1. If you roll a 1.4 Å probe over segment 61-103 with all protein chains in place, what percent of the accessible area is carbon or sulfur?
2. How far apart, in nm, are two points set 7 Å out from the Cα along the Cα-to-Cβ line at residue 154 and at residue 51?
3. Full extension from residue 169 to residue 137: what is 0.36 nm times the residue separation minus their Cα-Cα distance, to one decimal in nm?
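The values are calculated or read from the model by the stated rules, or taken from the named source; none is laboratory data. Remember, it's a predicted structure, so these values are computed and weren't measured experimentally. Backbone-built Cβ (ideal geometry, glycine too); neighbour counts: all protein chains shown. Ligands, DNA and RNA are stripped out before the accessible areas are found, and what is left, the full protein with its side chains, is counted by its heavy atoms. Shrake-Rupley method; radii C 1.70, N 1.55, O 1.52, S 1.80 Å.
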Amino acid sequence: MSFSASPRPPSGPRRRSLLVSAAGAAGAVLLVGCSGDPEAGEPAAERSAADAARARAGRDSEALAARYAAVIAAHPGLAERLRPLREEVLRHARAFGAKGTGGTASPGASSGASPSVSARAAGPGDDAGRVPADEKDAVALLAGAERKLADRRAEALLEVPGELARLLASVAAAGAAHVYLLTDGG
């Protein structure tokens, strides 16, 4: 049995074109809703709280980068493995608006000190930390610092507005990935 096309042309829009039009309209509404100043319409108190949270997140990333730099300086053999993670942490600091370098030690420089010499570096939530003499312990220290910071950022999501919450979520996820790379994935 053969089906032939109806001699009448279809009247009105087809279902597929309606769906495409509806999706396009919904996308346009979302774009309009997300474009413009993300801080527009926020009360000044919320903006200042968000600014404080952003500055704190930037400082935390810089402190973590300083801890990476200290471990790299104390254990130059880890530099190839840790340098990409440190660079990522510095990108996070810049995304939060931090202007510093995240530590005075350059990522590729060796201080010339033996691993038994303690290197000092501020860490997220700590006043200062010592770099362990053992490489595995030093990497575990970094993994712990990354985990604590990722957890703290995940908790802060509920207290900050949209764009900053998305940035914190993204950076917290990256921190969790760093923990994996420093522990199981290493």
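1. Using a 1.4 Å probe with all protein chains present, segment 61-103 comes out at 53 percent carbon and sulfur.
2. The answer from the label model is 3.1 nm.
3. Between residue 169 and residue 137, full extension yields an extra 8.7 nm.
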